[in-house]
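Readers should treat all values here as calculations from the given coordinates under stated rules, not as data from a laboratory. The model shown is predicted, which means the values in this text are computed figures rather than measured ones. A quick note on method: Cβ atoms are made from the backbone with ideal geometry, for glycine too, and the neighbour counts reach across all protein chains shown.
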Amino acid sequence: MGTVLDDLFNREAGGSLMTPTAADVAGQPLDPRVVRTRNDILRAAIDVLTEEGLDAVTHHRLAEVTGYSRATIYKHWPTRDALFLDAFSYRPSGAHSIPTGDLRADLIAELTMFRLGMERQQLDRALAALAALSTSVPGLAAVRDRLVAEGERVLLQLLTPVAHGADLEAAMRMLSGSVLQSALLHGYLPGDQVIAATVDLLLRGLDARP
């Protein structure tokens, strides 16, 4: 999943949260004030989600946090489902490491970037909420799949030359899971030594294949 960070909204990189679609614009110039309003509220939605939990993300709470009226928030998102769909749909891609050609070092760097997202943006909480919501919010499963594909893009690029089929899938799960499952199931993130050991175990396993 390797993506991250300032992850959900890439603020430190100065990225823009919202990329209006044709449906948003409907053939008309999009008012920058509308973009700013929507961005403010969508950022706040993810902040509240990661800091206070899924149940706290309500129109009332977002009005308190952002200073916008509930009427404004309801105008853009009549339901919580619509709000969640946009909050995850409009986030930019997270940061990745830049491959150098050294497979071991590149895998360690990518997992370290993933861990950085957990540290800075509580990405594990956002991903857990996304997984839960994907079963009930129409359209969000497709958003989840797109985010996962982008998040795993660099790992896939690095591993495809050395693994295929089930081996490749297992390798992807092993690497991303070493960070994500540690955060979700154990409540802490892996240190540098654990990340390096995970990569070394994987590479030794691939070398030992019959």
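Using a Förster distance of 45 angstrom, determine the FRET efficiency expected from the C-beta separation of Leu54 and Asp167, and round it to 0.05.
0.80
Would you list Arg120, Arg115 from fewest to most Cβ contacts within 10 Å? Write down the numbers at each step before the final one.
Values: Arg120 15, Arg115 24.
With the sparsest Cβ surroundings first, the list reads Arg120, Arg115.
Let's see if you can work this out: charge +1 on each Lys and Arg Cβ, -1 on each Asp and Glu Cβ, no other charges. What is the dipole magnitude of region 22-89 about its Cα centre, in debye to the nearest 20?
The calculation lands at about 260 debye.
Using the Cα gyration tensor of region 103-207, with a ≥ b ≥ c the square roots of its eigenvalues, what is the shape: rounded (a/c below 1.5), prolate (a/b larger than b/c) or oblate (neither)?
Verdict is oblate for region 103-207.
With the radius of gyration and the Kirkwood radius both derived from the Cα set of region 22-89, what is their ratio Rg to Rh? The partial results should precede the final answer.
Values: Rg = 11.9 Å, Rh = 12.3 Å.
On the Cα set of region 22-89, Rg over Rh gives 0.97.
So how much slack lies between Asp31 and Ala142, counting 0.36 nm per residue of separation and subtracting their Cα-Cα distance, in nm?
37.1 nm
Would you order Ser178, Ser69 from fewest to most other beta-carbon atoms within 10 Å of each residue's own beta-carbon?
Numbers: Ser178 21, Ser69 11.
So the residues, fewest neighbours to most, are Ser69, Ser178.
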